[in-house]
Amino acid sequence: MHKYVRRCGAAFILGATQMAAAQAQISDATLRGLSACDASFFRSLQQDGAALAGSVPLATRGDASWIKVPNRNQAQAGSIEFAAPVRAGGVTLLGYTDEVSDLGSLGRYYSWAFLVAGKVDAVYRQLQPLIHDARRMRADDGAYVRSDVRLPGGPWQAFASASGVAAGRDKVERVFLIEPHGELDGVVRVGCSLQGGVDAALLREARPDIDASEYPPPPNATGAFDSAPLPPGVLAAAQAAMAAAPVWQPRFKTLSSSRESTTPGKPGEASVVDQEWRVRDGLVVTSENYSAFTMQRVKLAGLFQLRAAEKGDVRNGYLATSGLSLSLPASLSPGTRFQANMTTINVPAKPGERPEQVTTLCEVQDTLQASTISASLQGAATRFVCTSQESGYVVESALLHDLGVAMQLRTVSKAHGESHYRYLNLQITK
């Protein structure tokens, strides 16, 4: 997967191509450094600083300089246009991209590139004399590519990486590309990508522009999802809420089912997720098998998520609730409202990540027989609807009085539309 993530906007590039002739010049040494995909690009760029003043925003630390973008870790903020086009190696540079993506088990991606006016073949021919190890450049699906691979503890080795195939986490690929922009005619990306198991040591070596505060954190210890305790304040808030409203306290040991999801008007798009629930410390721990992956969650009464992770994630990371304030109603009469305020963050935190505030408002609707949800269920159930105030995500659930747990009946989201759920092969151990 050595194609760049397409994020930069079209408008500024098109505007730049209509500007006057270039006002600044980048040295051939800087282009050679870029094509090597190592720290020499940033050291050489510092020598170009005076010539680029007024055209290209530069930052400097030690013996290295870099081109500043608003935020390399944020979509749509990793690209800039130059105040005036810049000449380099006989081509015209319109802007620069610096982007970071974390695709979980597929690997981390660090890409940096100039945006160049022209067509791929013409730009490649013009720059070829300046390209490091140009003899290894090869044509690949409309682009020109040179790639290397490094296995843990080993040196860089020549390697013909496959286009469109993720690097994964067990190796690192280093790729120099000259490729079409993908969204804009007449614009070419010339730059580098480090992809795969990129760690702090490699960034110190190859990317002196990236501050240590942005290095990827080391993975959690294996089993961190299960072994790391909930923050004391979160656990105390959950236990206090259930103590004040005992109807929300789980009264079973294990529960398993196959949850069928359907979309109104699209009966052919049904899907099934195998679920297993167990109770631990008064909370519900769930495992959801989606065939391609399995999610683990810790929930309060099966309703409010306190922890979540993809099972087998090589980072052993999880989404944690670090702050919790909520009320649960002891009375379940229609119209009763209750609320949860949560603070969430990934553990380990991603570079530049800030805690997210989540507010969920719920309202009790009515009471029905639990057997209408699944024939094997007994007693009454209270239906209620919860809405996320930030995203507008709607979840309709039913609290099973006999079991003290909520089961989803319907969800509505802007991204995925509406889904209805029913439960098959439900088995309970009390």
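Table for the structure above
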{"read-out": "Integer Hz, Karplus 6.51/-1.76/1.60 couplings in order for segment 315-329, x for Gly and Pro", "value": "7, 6, x, 8, 8, 10, 8, 9, x, 8, 9, 7, 10, 10, x"}
{"read-out": "Shape call, segment 283-364: gyration tensor on alpha carbons, a/c limit 1.5", "value": "oblate"}
{"read-out": "Heavy-atom surface of the chain, accessible at 1.4 Å and reported per residue (Å²)", "value": "45"}
{"read-out": "Intensity falloff of segment 91-240 expressed as log10 I(q)/I(0), Debye formula with alpha-carbon point scatterers, at q = 0.13, 0.15, 0.21 Å⁻¹", "value": "-0.68, -0.85, -1.40"}
{"read-out": "Carbon and sulfur %, accessible surface of segment 238-278 computed with the full protein complex present, 1.4 Å", "value": "51"}
{"read-out": "Whether segment 196-240 is rounded, prolate or oblate, judged on the alpha carbon gyration tensor where a/c under 1.5 counts as rounded", "value": "prolate"}
{"read-out": "All-pairs alpha carbon distance profile, segment 49-96, 5 Å steps from 0, percent", "value": "5, 19, 25, 26, 16, 8, 0"}
{"read-out": "Sites matching GluC sites (Glu not before Pro) across segment 365-420 that sit in DSSP coil, with at most 13 neighbouring C-beta atoms within 10 Å", "value": "E390"}
{"read-out": "Vicinal HN-Hα couplings computed from phi for segment 241-247 (Karplus, 6.51 cos²θ - 1.76 cosθ + 1.60; Hz; Gly/Pro x)", "value": "5, 6, 5, 6, 9, x, 4"}
{"read-out": "Inter-centroid distance (Cα atoms) of segment 36-97 relative to segment 252-293, Å", "value": "49"}
{"read-out": "Separation of alpha-carbon centers, segment 123-159 and segment 176-251, rounded to whole Å", "value": "29"}
{"read-out": "Segment 173-216: GluC sites (Glu not before Pro) in DSSP coil with no more than 13 other Cβ atoms inside 10 Å", "value": "E183"}
{"read-out": "Percentage relative contact order, the chain, counting C-alpha pairs under 8 Å, at least six apart", "value": "12"}
{"read-out": "Out-of-range pairs (alpha-carbon distance over 25 Å; input K253/K299; K119/K350; K171/K299)", "value": "K119/K350; K171/K299"}
{"read-out": "Using θ = phi - 60° and Karplus 6.51 cos²θ - 1.76 cosθ + 1.60, couplings along segment 51-66 (whole Hz; Gly, Pro as x)", "value": "5, 8, 4, x, 10, 10, x, 10, 10, 9, 8, x, 9, 10, 10, 8"}
{"read-out": "Within the accessible area of segment 372-430 (1.4 Å probe), percent carbon and sulfur", "value": "48"}
{"read-out": "For segment 17-165: rounded, prolate or oblate by the Cα gyration tensor [a/c cutoff 1.5]", "value": "prolate"}
{"read-out": "Accessible surface of segment 25-77, 1.4 Å probe, proportion on carbon and sulfur as whole %", "value": "47"}
{"read-out": "Mean ellipticity per residue at 222 nm, deg cm²/dmol - from DSSP H runs of n ≥ 4 across the chain, formula -39500 (n - 2.57)", "value": "-3500 deg cm²/dmol"}
{"read-out": "Long-range HN-HN contacts of G95 with modeled amide H, under 5 Å", "value": "F82, L115"}
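The values are calculated or read from the model by the stated rules, or taken from the named source; none is laboratory data. Only a predicted model underlies this, so the values are computations on that prediction, with no experimental measurement involved. FYI the Cβ positions are ideal-geometry reconstructions off the backbone, even for glycines, and counts take in every protein chain you see. SASA here: full protein model, heavy atoms, side chains in, ligands and nucleic acids out. Shrake-Rupley method; radii C 1.70, N 1.55, O 1.52, S 1.80 Å.
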